[in-house]
Amino acid sequence: MSFPQPLRAVITGAGGGLGRALALDLANRGASLIVSDIDPVSAQKTAELVRQRGARVELIECDVTDRGAVFSLVDETEKRLGGIDFIANNAGVSVGGPFEEISIEDWRWAVEINLWGVIYGCQAAVPKMKAQGRGYILNIASAAGLLAPPAMSAYNVTKAGVVALSETLYAEYKSSGVRVSVLCPTFFRTNIIEAGRGATTRKEDAQIIRWMERSREQAPEVAKAGIDSVRDGKLYAQPMRSGRKAWRFKRTAPQRFYDSLSSAHEKYLKGRLKP
């Protein structure tokens, strides 16, 4: 199955990592693109790589915590490309650490970017897609939004919100021709830890980075899984086998799943407190 042409797409958080991989994958599929990021320098690098693939691309700087800026981004996409068929609400940040050590400022930062940014993108895109009778919305969440592991409360809450929003919109707008998917990967290589906030230690950050490096699926594979899912009308995109397996365990035996997480976390804390 392929996308109808032309495919006119906009991506938030396109300056690197998954956002850049989404842009390159869509470029290879013949899409015309608007790449957006709060950092125009990194977004420009993405745009240059897209142009090397022969695709049309323009750059628009956007802070997704600003509702007006997100609506303007979508309006400009429609204006510059002649319409909007695809939006990837990808901009996101990381906040980790024990719940009682995460500041309310870091909570607000995570919610404003990870959740409100996605809400704004959907609010801006849905009416345009509904009016034309088709469209594709890919919301970037995380396996954390499905599994809610310990010491990731702020991140989990925002990503669970993205999952719930996507589930709602999938059912609400399927009959209007608007397809909605939510991408829920586990670990893969990005700069999200280096740019993150919260109350994690250097040792903990280093461990997460090692997990990212070891993943068999990296940004290109994750991007492809998300784009294929929304193209094919699938609600959930879970690129990693480990994530699918854990989610199946949770749905089958939720109490046992969280008891096992609690035991693992208790063991981890004992090791964390050792000198």
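Keeping to region 234-274, report how many residues are closer than 26 Å to Gly16 by Cα and either without any contact (Cβ under 8 Å) to a residue 24 or more places away in the chain or in contact with a strand residue (DSSP E or B) (Cβ under 7 Å, 6 or more places away or on another chain) (or both).
Of the residues in region 234-274, 6 are closer than 26 Å to Gly16 by Cα and either without any contact (Cβ under 8 Å) to a residue 24 or more places away in the chain or in contact with a strand residue (DSSP E or B) (Cβ under 7 Å, 6 or more places away or on another chain) (or both).
May I ask you to list the residues in region 65-99 that are crowded, with 23+ Cβ neighbours inside 10 Å, of a type outside the set (Gly, Ala, Ser) and touching an Asp or Glu at 6+ places or on another chain (Cβ under 8 Å)?
If the condition is that a residue be crowded, with 23+ Cβ neighbours inside 10 Å, of a type outside the set (Gly, Ala, Ser) and touching an Asp or Glu at 6+ places or on another chain (Cβ under 8 Å), then Ile84, Val95 are the ones that fit.
Which helices (runs of 4 or more DSSP H) sit wholly inside region 80-191 and have at least 2 residues that are small (Gly, Ala, Ser)?
Answer list for region 80-191: 117-132, 144-147, 153-173.
Confirm whether Gly30 is free of Cβ contacts under 8 Å to residues at least 40 places away in the same chain and part of a loop (DSSP other than H, G, I, E, B).
yes
In region 116-134, which residues are free of Cβ contacts under 8 Å to residues at least 60 places away in the same chain and either more than 26 Å from Lys234 (Cα to Cα) or of a type in the set (D, E, K, R) (or both)?
Once the filter is applied, which keeps residues that are free of Cβ contacts under 8 Å to residues at least 60 places away in the same chain and either more than 26 Å from Lys234 (Cα to Cα) or of a type in the set (D, E, K, R) (or both), region 116-134 yields Lys128, Lys130.
Among the listed residues Asp75, Asp106, Asp85, identify the single one that is of a type in the set (Asp, Glu), in contact with a Gly (Cβ under 8 Å, 6 or more places away or on another chain) and under 26 Å from Gly233 (Cα atoms).
Asp85
When you go through Ser72, Ser36 one by one, which is the residue that is of a type in the set (S, T, N, Q) and within 25 Å of Ala164 (Cβ to Cβ)?
Step by step, each of Ser72, Ser36 is checked, and only Ser36 is of a type in the set (S, T, N, Q) and within 25 Å of Ala164 (Cβ to Cβ).
Out of everything in region 215-252 that is of a type in the set (Gly, Ala, Ser) and not in a helix (DSSP H, G or I), what residue ends up being farthest from Ala171 (Cα to Cα)?
In this case the residue turns out to be Ser215.
Given the structure, is Lys203 at pLDDT 80 or above and surrounded by fewer than 22 Cβ atoms within 10 Å (Cβ to Cβ)?
Considered against the rule, which asks whether it is at pLDDT 80 or above and surrounded by fewer than 22 Cβ atoms within 10 Å (Cβ to Cβ), Lys203 comes out as no.
Could you please find all residues in region 125-143 being farther than 20 Å from Asn156 by Cβ and touching a strand residue (DSSP E or B) at 6+ places or on another chain (Cβ under 8 Å)?
Matches in region 125-143: Ala125, Val126, Lys128, Met129, Lys130, Arg134, Gly135, Tyr136, Ile137, Leu138.
Only one of (1) within 16 Å of Val180 (Cα to Cα); (2) in contact with a helix residue (DSSP H, G or I) (Cβ under 9 Å, 6 or more places away or on another chain) is not met by Pro127, so which one is it?
(2)
Among the residues of region 67-102, write down those that are over 21 Å from Pro6 (Cβ atoms) and free of Cβ contacts under 8 Å to residues at least 40 places away in the same chain.
Passing the criteria: Gly68, Ala69, Ser72, Glu100.
Specify which of the listed residues (Ile137, Ile113) is touching a Gly at 6+ places or on another chain (Cβ under 7 Å), touching a residue at least 40 places away in the same chain (Cβ under 8 Å), aliphatic (A, V, I, L, M) and surrounded by 18 or more Cβ atoms within 10 Å (Cβ to Cβ).
Just a single option satisfies the conditions, and that option is Ile113.
Among the candidates Ser36, Ser2, which residue alone is hydroxyl-bearing (Ser, Thr, Tyr) and farther than 24 Å from Ser94 by Cβ?
The match here is Ser2.
Search region 148-173 for residues being in contact (Cβ under 8 Å) with a residue 40 or more places away in the chain and more than 21 Å from Asp106 (Cβ to Cβ), and hand back the single one that is surrounded by the fewest Cβ atoms within 10 Å (Cβ to Cβ).
Glu167
The values are calculated or read from the model by the stated rules, or taken from the named source; none is laboratory data. Keep in mind that what you see is a predicted model, and the values were worked out from it rather than measured. Neighbour counts run over all protein chains shown; Cβ positions are idealised from the backbone, glycine included.
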